[in-house]
Each structure stands twice: as C-alpha cells, then as structure tokens.
Amino acid sequence: NVLTEIPHVMKTGFDPLSDVKPVALVARASMVLVGGPDLPAKDFKSLVTYLKASPGKMAFASYSAGTSSHYAGMILNAKAGLDLQHVPFQGSPPALTQVMGGQIPIMFDGIVTSKAMVAAGKLQAYGVAAKTRSQHLPNVPTFAELGLPELEVSNWLGVVASAKLPQALTDKIHDVVAKVAQQPKLRDRLVGAGFELPGEQGTQMLARDLKADFERNAAVVKTYGIQLNP
C-alpha cells in the first residue's frame, strides 16, 4: 500500500498522513498464506513442523520488499519460531510461479490473485490473515484461530485526495463513490475478483483507520528490521 507500507522503507514525495487523505473505501483484499501443491504439510501446524525441520534452509517469497506480503512473512517468522529467508519478487505472478513449482515453499499473497489457483489445486492455503474467515476461502482458518492474531493483514481499494481538498467537497465525493460502490454489477465484479466489501465508513473514520495502519506498519518495520534493500 503506497500510503501505509512503502513510506516506511523508501522515500516518497509526500507525507501520507498530512499531504493526502482517504475519501472513500470501496473494497478490501485479505492476505492468505499459500504453499506449493507438493508440500507434505496439509495444515498450518504440520507446515510449521516441516519448515522447522530445516532451519536456515527454507524461504518465503513476497510480491515485493516493503509490502504487506513481506511484513506478514516476517511476523510469521518471528511468532512461529521459524528461520526463513526472504525472497522478494516483482509482483505476485513470478512469486507464485516459484511457489507452485516448489522452488520456494510459501508466501503471503492476496486472495484476489491466488484464490483461483487454490481452487484449482495449484496452491495450498494454510491461513487467512484476517479476524474472520474469508467468504472466498471459507474452509481456511484465520490466523487468530491458529493462535497468531498478530497476522491480520490486508490491502484496500478506494479513493484518496489532497489533504487541501475542502471537507465539504471531500464528503460530496465520498457520498458519490459510496453510492456507485453499492451498484450490484460493481459489487458482483469485486466479489468475483476476490475482494471483500466492507460496511460504510465516513471520512473521519477512514482517516483514523489510515493512521492506525500507518503506525502499526511503522512498528512492524522497526520490530522486525524490515528494509527495502537489506
């Protein structure tokens, strides 16, 4: 997320908390821990045992350094007592190719880009990084259920604007976007793509959530020593 993730690991031309503001939230995409189809572990507990059997020799992929995919892998590493190396890629497709091929055992990916491959048996899903189970992967437990509630990671799709935009105009744009987002055809397309549709949130609540995500990610980066180019 260019507002709450990337600014912690590289310089940006704006301050995400003072130069821009969220106007409307349209959809969210939860993260899921996936592994290759040939991994012998068929559930999360077995996966941890399998990964611990070869300390320092296993890795996790991410779709880019400094993103939620990277963050989630580092949190898993620490909280599950693993010793996995991080291998970043330029996007989900090349990373997932390596995971499906067995070159790298696991990665955290967005449900949007991995759910079709899970359904086709090309990936195994071990846990969803959310508070509640995903409607797209209802049989996959959440990490809260698995004893790792710290793994709650998602990306959001919405509208942002300059912080200088008058509040009256911000609210007007918010109302228009919220109305459009309720259109059945759009909702069906978003759900079909793997997104989840959150309830209505006003601009002030969105600003609070953005700040909370930003501060949480700052703590993750500091705690786990995350760098763009270590």
Gyration tensor (Cα) of the chain, equivalent ellipsoid semi-axes in angstrom: 32, 21, 14
Sequence neighbours fewer than 8 away in the same chain don't count; with that in mind, list the lysines whose C-alpha is under 30 Å from residue 164. 11, 21, 172, 179, 211
Compute the acute angle (0 to 90°) between the alpha-carbon long axis of helix 203-224 and the principal axis of greatest extent of the alpha-carbon atoms of the chain; round to the nearest 10°. 30
Once amide H atoms are placed 1.01 Å from N in the peptide plane, what residues at a sequence separation of 5 or more from residue 62, or on another chain, have their amide H within under 5 Å of its amide H? 87, 89
Which of the aspartates and glutamates could a cross-linker bridge to residue 57, judged by Cα under 16 Å and excluding same-chain residues fewer than eight apart? 83
Could you pull out every one of the lysines with an alpha carbon less than 20 Å from that of residue 115, ignoring same-chain neighbours closer than 8 positions? 42, 131
Expressed as a percent, the accessible surface of segment 122-230 that is carbon or sulfur, using a 1.4 Å probe and the full set of protein chains, is 56
Just need the relative contact order of the chain here, percent rounded to a whole number, with Cα pairs under 8 Å and 6+ apart. 34
Using unit Cβ charges (K, R positive; D, E negative) and no other charged atoms, how large, in debye to the nearest 20, is the dipole of segment 93-230 about its Cα centre? 260
Quick calc, the chain, dipole around Cα centre from Cβ unit charges on Lys, Arg (+) and Asp, Glu (-), nearest 20 debye, gives 180
How large is the helix-only mean residue ellipticity at 222 nm for the chain, computed as the sum of -39500 (n - 2.57) over DSSP H runs with n ≥ 4, divided by its residue count, in deg cm²/dmol to the nearest 500? -12000 deg cm²/dmol
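The values are calculated or read from the model by the stated rules, or taken from the named source; none is laboratory data. Note that the structure is a prediction, hence the values are computed from the model and not measured. No Cβ is skipped: glycine too gets one built from the backbone with ideal geometry, and neighbour counts run over all protein chains shown. Heads up: the accessible areas ignore ligands, DNA and RNA and are worked out on the full protein's heavy atoms, side chains in. Shrake-Rupley method; radii C 1.70, N 1.55, O 1.52, S 1.80 Å.
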